[in-house]
Ligand SMILES: Cc1ncc(COP(=O)(O)O)c(C=O)c1O
């Protein structure tokens, strides 16, 4: 049994993927190329964004977005306490301070109330300049943008949507990657839209930001081209072969994979209702279920379930065992009195089960039975 079954997906899309890869090999065009251009066009159309700029991975996408904001020493960047380190790492890398905010008790995404409290605490202290907010659509579930956007506007903060886990999800009729001044995503193989290696993208509606992003991706190139370097940048690009893989995968995601993920999630939700805390998706939102994460009654029960799944040979993961504020790398960051109650509680009780669009009911029942045996 696979946690995320990329082999079955490949069997479904094999002819198209193979033909595209073959074309890249025949043309010997490995950097840039027609598939990259076509993919950027299709990704922008899918998300309703004016610009999509592909890059080497989701971590680079976030670093580039931070660079566009000009985040540096003396700045505060507000991030959710429960995320993968790529969302928060660039703050420290660029000499700024990541200010962690609690998550909500139900969606596990950035809590707007905690965000505003942390912004006010930073302002009251008067040492750091609030600069940006990174809202992470964790587990594939979008953040509450109706609450977060006005807070960013009120305090003049740049909003970055980290949609690494939510490509294909939606919030109030708009697709994930459509929120914030910039949005970023990852095409890591296990992501809802994954390639066969590393890949990422940055989205924006702002022409000037798009120009800066394209420049940063190519060593800070200027109007005179790649040897006219006008700013510090990096070398971050999506390989042609990865774009060739992503095009058929994007079509499958749009046509049926998002729907199939909903079916799998529904079967889990029905089976675990009243027995575990099942995921909450707000009205008019679609989670793309990058992970199907449930909460056990407490850490002890979570660990019992995990031990049983291990014995039964059923893949499982914990996303994530440690909130950001408790990671050794961030132990000296200021908390401003925030206790991270929801993030601590979530991390102690969560575990994730196999989730992918090709999970058959019969195989899923084995997973469900194994979990219920412990409960
Ligand atoms: C929330 C989040 N942001 C960013 C990233 C970074 O993406 P990548 O692995 O492509 O660098 C990940 C990857 O796991 C992620 O989960």
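The values are calculated or read from the model by the stated rules, or taken from the named source; none is laboratory data. It should be emphasised that the depicted structure is a prediction, and the values quoted were computed from it without experimental measurement. Counting neighbours? That spans all protein chains shown, and the Cβs are built from the backbone with ideal geometry, glycine included.
Quick notes on this structure:
- Yes/no for residue 235 being more than 20 Å from residue 50 (Cα to Cα) and away from the ligand (no atom under 16 Å from the Cβ): no
- Of all residues in the stretch 295-334, those satisfying the criterion of being more than 22 Å from residue 269 (Cβ to Cβ), under 24 Å from the mean Cα position of the chain (by Cα) and either in contact (Cβ under 8 Å) with a residue 60 or more places away in the chain or not assigned by TED's automatic domain parsing to the domain that holds residue 364 (or both) are 323, 324, 325, 327, 329, 330, 333.
- Residue match in the stretch 135-147 (condition: part of a strand (DSSP E or B), touching a strand residue (DSSP E or B) at 6+ places or on another chain (Cβ under 8 Å) and surrounded by 22 or more Cβ atoms within 10 Å (Cβ to Cβ)): yes
- Of note, residue 129 satisfies the criterion of being away from the ligand (no atom under 16 Å from the Cβ) and over 26 Å from residue 42 (Cα atoms).
- In the stretch 176-189, the count of residues that are within 25 Å of residue 334 (Cβ to Cβ), in contact with a helix residue (DSSP H, G or I) (Cβ under 6 Å, 6 or more places away or on another chain), away from the ligand (no atom under 16 Å from the Cβ) and not in a helix (DSSP H, G or I) is zero.
- Boolean, residue 343 is buried (at least 20 other Cβ atoms within 10 Å of the Cβ) and assigned to a helix (DSSP H, G or I): yes
- Residue 201 vs. criteria within 16 Å of the ligand (Cβ to nearest atom), crowded, with 16+ Cβ neighbours inside 10 Å, part of a loop (DSSP other than H, G, I, E, B) and at pLDDT 95 or above: no
Matching residues to (1) closer than 30 Å to residue 99 by Cβ; (2) away from the ligand (no atom under 16 Å from the Cβ); (3) in contact with a strand residue (DSSP E or B) (Cβ under 9 Å, 6 or more places away or on another chain); (4) assigned to a helix (DSSP H, G or I):
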position	(1), (2), (3), (4)
288	yes, no, yes, no
297	no, yes, yes, no
301	no, yes, no, yes
307	no, yes, no, yes
319	yes, no, yes, no
329	yes, no, no, yes
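- Selection within the stretch 148-166: residues that are more than 11 Å from the ligand (Cβ to nearest atom) and part of a loop (DSSP other than H, G, I, E, B). The member of this set that is farthest from residue 281 (Cα to Cα) is 156.
- So residue 350, is it under 21 Å from the mean Cα position of the chain (by Cα), modelled with pLDDT of 95 or more and under 16 Å from residue 108 (Cα atoms): yes
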